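Participant: Starting off with a structure, shown below.
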Amino acid sequence: MSRRLAAAAAIALLGGVGAWQGVKALQQTENETPALPLGNGADTSDEESGDAAPRPARSAPPAAPALSKAETPMADRVAVIGLLNKRNGVERDLTMKPGQAVRVGDVVVRLRACETTAPWEAEPLTGAFLQMDVEGRDTHWRRIFSGWLYKESPSLNVVEHPIYDVWPKSCAMTHPDMGPDTVLATSIGSGAPPRSTAKKSPDEAAGAAEPDAAATPGPSASSNSTR
């Protein structure tokens, strides 16, 4: 009888130890369970470790196309000026920029500005604003001319001097490009005039839609012509 009691006590003791170890193992398993990621549930382990692929950079908006040409600044233009000595018939070509002056003997030619009309202008002109100073016999310099002169129309302005004459020959410069919306104007008298784009009144629209009765032959006229 004592042996049975001892065996039962031993079995009960072993059962209690096993239950205690099971509870301890369950607590350790709960403590080792990884926590869920924060946010929207996405896995951020690759981003934190630095192994994530880099995001493509946003491309900048395309820049507006620039004009292929620009008008030449006044200081960068180059003009060729003709100078004639009427006394000996010697003609010289003076190449200079606006603001420069050239002395030939007792005459000084100064270029203030030069200009050419744009290629789409109806009348091409080459002009230069010139000043001419001449030294007299009394060794005093006098300005004999100051103004615009034109290559294609020399009569618009004349240098009145008994010895010297001056005129523009060329002016090297560029003009800005015409934009894609620019339309060349046709000359007057070439072809039919362009139609107006203005809206017509109801009376004008009705009159344009009805054919001219006098110009359109009726059925009686067509029948008589075939007989």
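The values are calculated or read from the model by the stated rules, or taken from the named source; none is laboratory data. Remember, it's a predicted structure, so these values are computed and weren't measured experimentally. Every residue, glycine as well, gets a Cβ built from its backbone with ideal geometry; the counts of neighbours run over all protein chains shown.
Participant: Applying the selection to segment 119-171, what residues are of a type in the set (Lys, Arg) and out of contact with any Gly (no Cβ under 7 Å at 6 or more places or on another chain)? Break it down stepwise before answering.
Facilitator: Narrowing segment 119-171 to residues of a type in the set (Lys, Arg): 137, 142-143, 151, 169.
Correct list: Arg137, Arg143, Lys151.
Participant: I'm told Thr139 meets every condition in (1) modelled with pLDDT under 60; (2) in a loop (DSSP other than H, G, I, E, B) except one. Can you identify the failing condition by its number?
Facilitator: (1)
Participant: Given the criterion at pLDDT below 95, under 30 Å from the mean Cα position of the chain (by Cα) and not in a strand (DSSP E or B), identify the matching residue among Pro98, Pro61. Write out each step before concluding.
Facilitator: Values: Pro98 fails: at pLDDT below 95.
Just a single option satisfies the conditions, and that option is Pro61.
Participant: Going through segment 136-159 one residue at a time, which ones are under 37 Å from the mean Cα position of the chain (by Cα) and more than 20 Å from Ile81 (Cα to Cα)?
Facilitator: none
Participant: Does Val109 qualify as being within 42 Å of the chain's Cα centre (by Cα), of a type outside the set (Ser, Thr, Tyr) and at pLDDT 95 or above?
Facilitator: Numbers: within 42 Å of the chain's Cα centre (by Cα): yes; of a type outside the set (Ser, Thr, Tyr): yes; at pLDDT 95 or above: yes.
Yes, satisfied.
Participant: Then there's this: Based on what the data block shows, is Ala128 surrounded by 14 or more Cβ atoms within 10 Å (Cβ to Cβ), aliphatic (A, V, I, L, M) and farther than 16 Å from Val158 by Cα? Spell out the reasoning first.
Facilitator: On the way: surrounded by 14 or more Cβ atoms within 10 Å (Cβ to Cβ): yes; aliphatic (A, V, I, L, M): yes; farther than 16 Å from Val158 by Cα: no.
Spelling it out, it is not the case that Ala128 is surrounded by 14 or more Cβ atoms within 10 Å (Cβ to Cβ), aliphatic (A, V, I, L, M) and farther than 16 Å from Val158 by Cα.
Participant: Can I ask one more? From the residues in segment 112-135 that are within 30 Å of the chain's Cα centre (by Cα) and acidic (Asp, Glu), which one is farthest from Met74 (Cα to Cα)?
Facilitator: Among those residues, the one meeting the criterion is Glu123.
Participant: Follow-up. If you take the residues in segment 68-89 that are β-branched (Val, Ile, Thr) and at pLDDT 95 or above, which one is nearest to Trp141 (Cα to Cα)? Walk me through how you get there before you give the answer.
Facilitator: First, pick out the residues of segment 68-89 that are β-branched (Val, Ile, Thr): 72, 78, 80-81.
Of the ones still in play, those that are also at pLDDT 95 or above are 78, 80-81.
Numbers: Val78: 26, Val80: 24, Ile81: 21 Å.
For segment 68-89, the residue satisfying everything is Ile81.
Participant: Checking His161 against (1) closer than 22 Å to Arg92 by Cβ; (2) touching an Asp or Glu at 6+ places or on another chain (Cβ under 9 Å); (3) not in a strand (DSSP E or B), which test does it fail?
Facilitator: (2)
Participant: Which one of the conditions (1) of a type outside the set (S, T, N, Q); (2) out of contact with any Lys or Arg (no Cβ under 6 Å at 6 or more places or on another chain); (3) surrounded by 13 or more Cβ atoms within 10 Å (Cβ to Cβ) does Val90 fail to meet, given that it meets all the rest?
Facilitator: Answer for Val90: the failing condition is (3).
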